[in-house]
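Participant: What follows is a single structure, and I will ask about it in a moment.
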Amino acid sequence: MKNFYIETFGCQMNAHDSEKVIGTLVSEGYSKVDTPEAADLVLYNTCSIRDKAEQKVFHRLQQFKRDAGKGKTFAVLGCVAQQEGERIFEKAPHVSMVVGSASYTRLPELLVQLEAGNRRVTGLSLDTEDTFETPLTRRDNPYRAYITIIEGCDKSCAYCVVPFTRGPERSRTSESVLAETRNLAAAGYTEIQLLGQNVNSYHDPSPAGFTFAQLLNAVGQVSGIRRVRFTTSHPRDFTKDIIDAIDRNPNLCNHVHLPVQSGSSSVLQRMQRLYTRDEYMRRIEWMKAANRNIAITTDVIVGFCGETEADFEQTLQLLDEVQYDSVFSFKYSKRPNTPALSLDDHLPEEEKSRRLTILQEKQRGIQIARNSELVGTVQEVNVEGFNKATGQWIGRTSHNRTLNFSHPAGDATNLSGGYLEARVTRAGPNSLVGESVLM
Ligand code: SAM
Ligand code: SF4
C-alpha cells in the first residue's frame, strides 16, 4: 500500500491541509500518483460547507464500490469525515479510514494500524490543543505558500458547520509563524498567504502577544517576501489597525476579503453574525479612506430562513454602495447540527435560485465597471504561468485580479514566479487583459 492519490474539495484551508497530509505520507515512504486507478491508497479531503459539496465525496466513492475499488484502501479526511464519523462506514463500506482535520497529527499511527491489517480506523477527536504543524508540508506552487495561523472557529453562525467540523479556535505562536515565513523566503517563496477560518481573530498564545495586525506587518517585513495576503476576515474582529498596517507596508497586498453574508441587519441577527449592517459599513469606510486603493471582496448567502424581499433588496443596495471587486454568492443550504435548522420560514429552492441569479447579474455589471476603470493603468503582476492557447502570460495583481498579458515574443525568458509591470488594455467581468510595459 505505498502509492497514494489524493483529491481535495473545498477551501484554501483544505488545499493547505492536503499539502501537509502529502508531506506526512511521503515521509512515511508513500509515493504520490496522479490517478486513483494507479493508487493503492485513495484519500478524499472533503468539504461539508454546503450539501452539494458533501455529496461530491459520496459520488466519488460510489465509482469504486465494486470491482474498480478492489485491492485499494479508501480514506475520507476533512470536514465530511468529522461531521459523519463512523456513519461513513455504513454509507460506503469500502472505506477504511475516517479522519477529521484536528487529528491529522495521528496520521502516521493510523497508517501503521491500516498496514497491520486493521479494517477500520478513525481519528475524530476535536479535543486537541494542537495546531497541525509539520515541517514536511509538500507545496506544489514554488512561489506562493499558504501558512495556517489559526485553526477552528469559536463563533456560532446559525447556518455554519465549521465549528462542528474544525473544532474550537486555536492560534499558532508568532515565533512559529515567522520561523516558517523565514524558511519559505530562504527557499525562494516570495508570496505568503496567511490562512484561518477567521484569520483576524488571531491571538498570539506566546508572551510576545502579537495582534493580527502586528503579525501581518512582521510577516511582510521578512526579507525576500514581496506579497502577503490573508483570508478570511470576520467583520466583528476586523480592527482599523489592519488597514493602517496595509497603508504602511507595501508588501501587504491591497485586498481584503470581508464576508458580509447579508445587507439586512435583521437577517444578520438571525444568522448570529455579531455585527449590524452599519457596523460592517464602518469597516468598509475605513478601507475606502485608506491611502492605498484597497480591493474589497465578500461572501453573500441568499435565501436564508425568513429572508424577505425587502431584506434581499437591502443586500442588493449594499452591493451598489460598496462596489465590491468580487463576490462569492451562495444559496443557503441546510447543514446538520446547525442552529438554523430550528428556524421557521425556510425558502423554496426556486426562490433562492431566483435571488441568486439577480444578485449575480447585478454584481457582474459592477465588476465590468470596476475593472474598466483600470484600463490604461500599469499594474505590477506576479506571473503565475503561460497560457499556450492564448499565447499570453497569466499574472496576478496585488488587488488579486487576474491580468492576462502579452510579452515580446523574442523574449524567451520563463517569466513564471517573477514580478513585472503590465499595462491594462481591456477589461472583462472576471479578469483583465494587457501587455507587458516592455512591448
Ligand atoms: N469564517 C468565514 C466568515 O465568517 O465569513 C467564512 C468561512 S465559510 C468556510 C465560507 C463561506 O461559505 C461563508 O462565508 C458563507 O458565505 C458560505 N456558507 C457557509 N455555510 C453556508 C451554508 N449553510 N449555506 C450556504 N453558504 C454557506
Ligand atoms: Fe462559519 Fe461563522 Fe465560523 Fe465563519 S465565523 S467559520 S461562517 S461559524
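The values are calculated or read from the model by the stated rules, or taken from the named source; none is laboratory data. This structure is a prediction, so every number in the text was calculated from the model and none was measured. Every residue, glycine as well, gets a Cβ built from its backbone with ideal geometry; the counts of neighbours run over all protein chains shown.
Participant: Can you name every residue in segment 334-363 that is within 15 Å of ligand 1 (Cβ to nearest atom) and either hydroxyl-bearing (Ser, Thr, Tyr) or under 30 Å from Met287 (Cβ atoms) (or both)?
Facilitator: Residues satisfying the conditions are Thr338, Ala340, Ser342, Lys352, Ser353, Arg355, Leu356, Leu359, Gln360, Gln363.
Participant: Which ones in segment 148-170 are modelled with pLDDT of 95 or more, surrounded by 16 or more Cβ atoms within 10 Å (Cβ to Cβ) and either more than 16 Å from ligand 1 (Cβ to nearest atom) or small (Gly, Ala, Ser) (or both)?
Facilitator: Once the filter is applied, which keeps residues that are modelled with pLDDT of 95 or more, surrounded by 16 or more Cβ atoms within 10 Å (Cβ to Cβ) and either more than 16 Å from ligand 1 (Cβ to nearest atom) or small (Gly, Ala, Ser) (or both), segment 148-170 yields only Ala158.
Participant: Shifting gears a bit: For residues in segment 44-89 being in a strand (DSSP E or B) and in contact (Cβ under 8 Å) with a residue 40 or more places away in the chain, which is farthest from Leu111 (Cα to Cα)?
Facilitator: Keep residues of segment 44-89 that are in a strand (DSSP E or B), which gives 44-46, 73-78.
Right, trim to in contact (Cβ under 8 Å) with a residue 40 or more places away in the chain and you get 73, 77-78.
Numbers: Thr73: 11, Leu77: 13, Gly78: 16 Å.
The extreme case among them is Gly78.
Participant: Sort out which residues of segment 137-153 are more than 8 Å from ligand 2 (Cβ to nearest atom), assigned to a loop (DSSP other than H, G, I, E, B) and touching a residue at least 12 places away in the same chain (Cβ under 8 Å), and write them in order of number. Please lay out each step first, then the result.
Facilitator: The first filter runs over segment 137-153 and keeps only residues more than 8 Å from ligand 2 (Cβ to nearest atom), leaving 137-152.
When the remaining residues are screened for being assigned to a loop (DSSP other than H, G, I, E, B), the result is 137-143, 149, 152.
Of everything in segment 137-153, those that are more than 8 Å from ligand 2 (Cβ to nearest atom), assigned to a loop (DSSP other than H, G, I, E, B) and touching a residue at least 12 places away in the same chain (Cβ under 8 Å) turn out to be Thr137, Arg138, Arg139, Asp140, Pro142, Tyr143, Ile149, Gly152.
Participant: I would also like to ask the following. If I filter segment 39-62 for residues that are surrounded by fewer than 16 Cβ atoms within 10 Å (Cβ to Cβ), touching a helix residue (DSSP H, G or I) at 6+ places or on another chain (Cβ under 9 Å) and within 16 Å of Val112 (Cα to Cα), do I get at least one hit? Give the steps one after another, and end with the answer.
Facilitator: Taking segment 39-62 first, the residues surrounded by fewer than 16 Cβ atoms within 10 Å (Cβ to Cβ) are 40, 51-52, 55, 59, 62.
Still in the list and also touching a helix residue (DSSP H, G or I) at 6+ places or on another chain (Cβ under 9 Å): none.
Scanning segment 39-62, I find no residue that is surrounded by fewer than 16 Cβ atoms within 10 Å (Cβ to Cβ), touching a helix residue (DSSP H, G or I) at 6+ places or on another chain (Cβ under 9 Å) and within 16 Å of Val112 (Cα to Cα), so the answer is no.
Participant: Hey, can you tell me all the residues within segment 106-136 that are modelled with pLDDT of 90 or more and in a loop (DSSP other than H, G, I, E, B)?
Facilitator: Within segment 106-136, Ala116, Asn118, Arg119, Arg120, Leu124 qualify.
Participant: Still on this structure, I have one more. Within segment 309-333, which residues are more than 16 Å from ligand 1 (Cβ to nearest atom) and without any contact (Cβ under 8 Å) to a residue 40 or more places away in the chain? Quick ask: steps written out before the conclusion?
Facilitator: If we filter segment 309-333 for residues that are more than 16 Å from ligand 1 (Cβ to nearest atom), which is where we start, we get 309-310, 313-314, 316-317, 320-321, 323, 325.
Scanning segment 309-333 gives Glu309, Glu313.
Participant: I would also like to ask the following. Hey, can you tell me all the residues within segment 224-246 that are within 21 Å of the chain's Cα centre (by Cα), more than 10 Å from ligand 1 (Cβ to nearest atom) and either acidic (Asp, Glu) or under 12 Å from Gln197 (Cα atoms) (or both)?
Facilitator: The one that is within 21 Å of the chain's Cα centre (by Cα), more than 10 Å from ligand 1 (Cβ to nearest atom) and either acidic (Asp, Glu) or under 12 Å from Gln197 (Cα atoms) (or both): Phe230.
Participant: Something else now. Which of the residues spanning segment 1-43 are within 16 Å of ligand 1 (Cβ to nearest atom) and either in a strand (DSSP E or B) or under 21 Å from Gly69 (Cα atoms) (or both)?
Facilitator: If the condition is that a residue be within 16 Å of ligand 1 (Cβ to nearest atom) and either in a strand (DSSP E or B) or under 21 Å from Gly69 (Cα atoms) (or both), then Thr8, Phe9 are the ones that fit.
Participant: Looking only at segment 390-436, count how many residues are among the acidic types (Asp, Glu) and part of a strand (DSSP E or B).
Facilitator: Let us first name the residues in segment 390-436 that are among the acidic types (Asp, Glu), namely 411, 421, 435.
Keeping just the survivors that are part of a strand (DSSP E or B) gives 421, 435.
Residues that pass the stated criteria total 2.
Participant: Can you spot a residue in segment 223-232 that is under 21 Å from Ser156 (Cβ atoms) and modelled with pLDDT of 95 or more? Even if it seems obvious, please write down each step before you answer.
Facilitator: Keep residues of segment 223-232 that are under 21 Å from Ser156 (Cβ atoms), which gives 231-232.
Narrowing further to those that are modelled with pLDDT of 95 or more: 231-232.
For segment 223-232, residues under 21 Å from Ser156 (Cβ atoms) and modelled with pLDDT of 95 or more: present.
Participant: Inside segment 171-208, can you point out the residues that are more than 22 Å from His234 (Cβ to Cβ), of a type outside the set (Val, Ile, Thr) and either crowded, with 18+ Cβ neighbours inside 10 Å or within 11 Å of ligand 2 (Cβ to nearest atom) (or both)?
Facilitator: The answer is Leu178, Glu180, Leu184, Ala185, Tyr189, Glu191.
Participant: Given the condition among the β-branched types (Val, Ile, Thr), under 23 Å from the mean Cα position of the chain (by Cα) and farther than 22 Å from Pro259 by Cα, answer yes or no: does some residue in segment 323-336 qualify?
Facilitator: Looking through segment 323-336, none of the residues is among the β-branched types (Val, Ile, Thr), under 23 Å from the mean Cα position of the chain (by Cα) and farther than 22 Å from Pro259 by Cα.
Participant: How many residues are touching a strand residue (DSSP E or B) at 6+ places or on another chain (Cβ under 9 Å), among the basic types (Lys, Arg) and farther than 21 Å from Glu373 by Cβ when one looks only at segment 388-408? Show your work before the answer.
Facilitator: Pass one, segment 388-408, residues touching a strand residue (DSSP E or B) at 6+ places or on another chain (Cβ under 9 Å): 390-408.
Those still in the list that are among the basic types (Lys, Arg) too: 396, 401.
From the residues that got through so far, the ones that are farther than 21 Å from Glu373 by Cβ too are none.
Residues flagged as touching a strand residue (DSSP E or B) at 6+ places or on another chain (Cβ under 9 Å), among the basic types (Lys, Arg) and farther than 21 Å from Glu373 by Cβ within segment 388-408 amount to 0.
Participant: Determine which single condition Ala218 fails, assuming it passes every other condition in (1) at pLDDT below 95; (2) in a helix (DSSP H, G or I).
Facilitator: Among (1) at pLDDT below 95; (2) in a helix (DSSP H, G or I), the lone unmet condition for Ala218 is (1).
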